[in-house]
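Reading through the structure tokens given below for one structure.
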Amino acid sequence: MRLFFATDVHGSEVCWRKFLNAGKFHKADVLIMGGDMTGKAMVPIVSRNGGWFLRLQDQDYVLSTEDEVRTMEKRIADRGYYPIRLTDEEVAAWESDPGLVDTRFKAEMVGMVERWMALADERLKGQGIRCVVSPANDDIFELDPIIAAAELVDLGEQNTIDLDGFTMVSTGWANPTPWNTFRELPEDQLRTRIDELLADVPDKRRAIFNFHAPPYGSNLDSAPKLDADMRYVSGGQALVPVGSHAVRDAIVEYGPVLSLHGHIHEGRGAVKIGRTLAVNPGSTYEDGVLQAAIVDLDSKKGEVKRYLLING
């Protein structure tokens, strides 16, 4: 059985399309999206004096034609942001009422996931490839029922999924972060959640963990150190472990055959923790590059045959 695992695409339209196309291209039996699907920001494109004005990556743009606007909208969406056309009056209203911004941001995230699930049902039809998607800490709770309603996509979160003699359990909840995101738990509560997920797994050694948070101190969790003002220390060159103790302890105790992680974009790599292969494919979604892991599993022996980290 071949797994294709990617994570942390953060709203990148091009990365999602690559993910859906990867199954057939890489002859995968199962596609797994590990979470943090949604984008982190909106980019206003403001109508003014017959043109369109925007600021992207500290650079100002002036667009004069509809074709230019559509090209820019695609560029923004492929980088994982939401392009939003606004008038000056709407911008002023947003500035005076942050609630309008939050409402629109949530609507954009929900609309994107609805489109992505429809595209998955279209692209995967007739291919015989399973697809599992799990929201993670940056994803709002309203996404779960949308994923669950898709015809050809399985919702991973809190579900036990049989994969050719292996059992995959998934959670996108993570240990606390400085950003107070949607799905965070103290370590003891995260461990309780993991134990509850494993309760119905018949053979823990044939389990596949799909846990967004990487294990603490594994090098899959090395992230730039921040100071008290949330600024990078040493220009982002100083790295510290920020993963989960609960996840690491669960891997050591249960010894699953495979443990899939994301969350820390810089933590690309694979390590052995006891008998378990733990993998974080990393993420460079803003460049339109899909980083992923291909893992071949031997269903008879219950072990990993080979793995490969790829960019595409």
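The values are calculated or read from the model by the stated rules, or taken from the named source; none is laboratory data. Only a predicted model underlies this, so the values are computations on that prediction, with no experimental measurement involved. Quick reminder, even Gly has a Cβ in these numbers, built from the backbone with ideal geometry, and neighbours come from all protein chains shown. Side chains are part of the model used for accessible areas, which takes the heavy atoms of the whole protein and leaves out ligands, DNA and RNA. Shrake-Rupley method; radii C 1.70, N 1.55, O 1.52, S 1.80 Å.
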*For region 156-192, name all the residues that are open to solvent by 30 Å² or more (accessible area, probe 1.4 Å) and either among the aliphatic types (A, V, I, L, M) or assigned to a helix (DSSP H, G or I) (or both).*
Glu187, Asp188, Gln189, Arg191, Thr192
*asked:* Could you go through region 168-184 and let me know if any residue there is in contact with a Ser or Thr (Cβ under 7 Å, 6 or more places away or on another chain), at pLDDT 95 or above and β-branched (Val, Ile, Thr).
replied: yes
*Go through region 10-27 and give me each residue that's out of contact with any helix residue (DSSP H, G or I) (no Cβ under 6 Å at 6 or more places or on another chain) and open to solvent by 10 Å² or more (accessible area, probe 1.4 Å).*
Arg17, Lys18, Asn21, Lys24, Phe25, His26, Lys27
*For region 231-246, how many residues meet the condition of being hydrophobic (A, V, I, L, M, F, W, C), open to solvent by less than 50 Å² (accessible area, probe 1.4 Å) and closer than 12 Å to Asn175 by Cβ?*
1
_Would you confirm, using the coordinates I've provided, whether Glu95 is among the acidic types (Asp, Glu) and either under 30 Å from Thr181 (Cα atoms) or surrounded by 20 or more Cβ atoms within 10 Å (Cβ to Cβ) (or both)?_
yes
*asked:* Can you report the number of residues in region 259-297 which are open to solvent by 30 Å² or more (accessible area, probe 1.4 Å), touching a residue at least 24 places away in the same chain (Cβ under 8 Å) and part of a strand (DSSP E or B)?
replied: 4
*If you take the residues of region 298-309 that are without any contact (Cβ under 8 Å) to a residue 40 or more places away in the chain and under 30 Å from Gly39 (Cα atoms), which of them is surrounded by the most Cβ atoms within 10 Å (Cβ to Cβ)?*
Tyr307
*Within region 199-221, how many residues turn out to be buried (at least 18 other Cβ atoms within 10 Å of the Cβ) and either part of a helix (DSSP H, G or I) or among the polar types (S, T, N, Q) (or both)?*
4
*Can you tell me how many residues in region 65-76 are open to solvent by 20 Å² or more (accessible area, probe 1.4 Å) and under 17 Å from Arg115 (Cα atoms)?*
2
*For region 298-312, enumerate the residues that are assigned to a loop (DSSP other than H, G, I, E, B), farther than 26 Å from Arg206 by Cβ and at pLDDT 95 or above.*
none
*region 247-258 - residue that is in a helix (DSSP H, G or I) and not β-branched (Val, Ile, Thr) and, of those, most open to solvent (accessible area, probe 1.4 Å)*: Glu253
*Counting only residues that are open to solvent by less than 10 Å² (accessible area, probe 1.4 Å) and not aliphatic (A, V, I, L, M), how many does region 98-140 have?*
6
*Looking at this structure, is Phe53 closer than 30 Å to Gly156 by Cβ and open to solvent by 10 Å² or more (accessible area, probe 1.4 Å)?*
no
*Taking Lys225, is it free of Cβ contacts under 8 Å to residues at least 24 places away in the same chain, surrounded by fewer than 17 Cβ atoms within 10 Å (Cβ to Cβ), in contact with a helix residue (DSSP H, G or I) (Cβ under 6 Å, 6 or more places away or on another chain) and not acidic (Asp, Glu)?*
yes
*For region 14-21, indicate whether the set of residues that are in a helix (DSSP H, G or I), among the charged types (D, E, K, R), out of contact with any His (no Cβ under 8 Å at 6 or more places or on another chain) and within 21 Å of Gly262 (Cβ to Cβ) is non-empty.*
yes
